[in-house]
């Protein structure tokens with residue numbers, strides 16, 4: 001482990017700091033290395049001050065949400081990893097009769113929990129996020145979604161902290177979202193508001209259960225994985241095609257590297273056994289990319305983000 005950042009960065013702040021934290025085990029893969037320093041801020045002011053200090057001193061910052069779509073290198077990561085798990089960053093506030101805003105939620109809020117709470121509140125508009133892993137902040141950053149829609153469909157405003165420690169707010173009209181992308185600048189998303197519609201709680205819950213049943217039938221939701229491994233690419237005609245279909249037709253279902261395997265249920269999922277490591281997953285991802293390129297002439301782009309030490313190779 002390299003020397004962690006100076007105590008002066010956070011010693012006077014309202015945070016919990018954990019050196020040599022096992023963040024790989026906190027991801028959906030459940031594998032990978034440790035963070036030199038994991039910091040859990042207990043309030044927004046402490047987070048903003050810490051971010052500004054890291055910027056001034058050149059200390060790298062990473063944001064750990066729910067650990068979905070993330071693979072931590074076996075050698076771990078340096079700098080500061082921020083965990084927005086305190087209640088202030090996970091809470092929901094509802095305004096069922098509001099003119100615009102129906103829900104305000106922290107970036108650390110779990111998507112599963114949020115969708116279920118909305119069904120109890122009788123608020124419709126986020127059912128498309130059913131079964132999608134992760135936190136709201138991470139979902140907004142990458143415009144997460146699937147065949148039923150994406151999170152930008154109901155987004156109203158985003159509140160964030162720039163990497164210099166400045167607080168900003170963006171309205172949906174100022175932002176551009178496309179497939180797995182947004183034009184949000186480099187920042188830490190703190191919270192967001194969502195434009196939802198009052199509805200019958202029973203009807204909302206029924207829709208959530210229908211979507212969940214469809215996903216369970218087609219995806220390895222009981223296995224260890226990070227969700228979809230690759231983005232759906234564009235073919236030579238500019239039409240977006242399913243990455244899983246390309247991987248399947250290249251004959252790669254069941255392909256393994258050690259304890260990492262291309263799912264036989266859905267080819268765009270890489271699943272892991274408890275004895276897997278990040279190197280195996282990375283090699284398997286590279287092999288899938290190579291064979292799909294050879295077979296289809298299409299370069300797959302990972303949806304899973306790989307964290308590693310500053311200056312390391314992401315190959």
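The values are calculated or read from the model by the stated rules, or taken from the named source; none is laboratory data. Because the structure is predicted, anything quoted here is derived from the model rather than measured. With ideal geometry, Cβ positions are generated from the backbone for all residues, glycine too; neighbour counts draw on all protein chains shown.
Observations on the model:
- Some residue of the stretch 84-91 being under 29 Å from residue 146 (Cβ atoms), touching a helix residue (DSSP H, G or I) at 6+ places or on another chain (Cβ under 9 Å) and in contact (Cβ under 8 Å) with a residue 40 or more places away in the chain: yes
- Among residues of the stretch 260-278, those that are in a loop (DSSP other than H, G, I, E, B) and in contact with a strand residue (DSSP E or B) (Cβ under 6 Å, 6 or more places away or on another chain), counted: 3
- Checked against (1) within 16 Å of residue 305 (Cβ to Cβ); (2) modelled with pLDDT of 95 or more, residue 68 meets all criteria but (2).
Residues checked against (1) farther than 27 Å from residue 284 by Cβ; (2) crowded, with 23+ Cβ neighbours inside 10 Å; (3) within 21 Å of the chain's Cα centre (by Cα):
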| site | (1), (2), (3) |
| --- | --- |
| 41 | yes, yes, yes |
| 47 | yes, yes, yes |
| 57 | yes, no, no |
| 61 | yes, no, yes |
| 64 | no, yes, yes |
| 71 | no, yes, yes |
| 74 | no, no, yes |
| 81 | no, yes, yes |
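- Restricting attention to the stretch 168-190 and to residues that are in contact (Cβ under 8 Å) with a residue 40 or more places away in the chain and touching a strand residue (DSSP E or B) at 6+ places or on another chain (Cβ under 6 Å), the residue that is surrounded by the fewest Cβ atoms within 10 Å (Cβ to Cβ) turns out to be 188.
- Per the listing 24, 30, the residue uniquely part of a helix (DSSP H, G or I), in contact with a helix residue (DSSP H, G or I) (Cβ under 9 Å, 6 or more places away or on another chain), outside the structural domain of residue 302 (by TED's automatic domain parsing) and in contact (Cβ under 8 Å) with a residue 40 or more places away in the chain is 24.
- Residue list for the stretch 279-303, filter: in contact with a helix residue (DSSP H, G or I) (Cβ under 7 Å, 6 or more places away or on another chain) and surrounded by 14 or more Cβ atoms within 10 Å (Cβ to Cβ): 288, 292, 296, 298, 300, 302
- Flag if residue 93 is surrounded by 15 or more Cβ atoms within 10 Å (Cβ to Cβ), in a strand (DSSP E or B) and on the phi < 0 side of the Ramachandran plot: no
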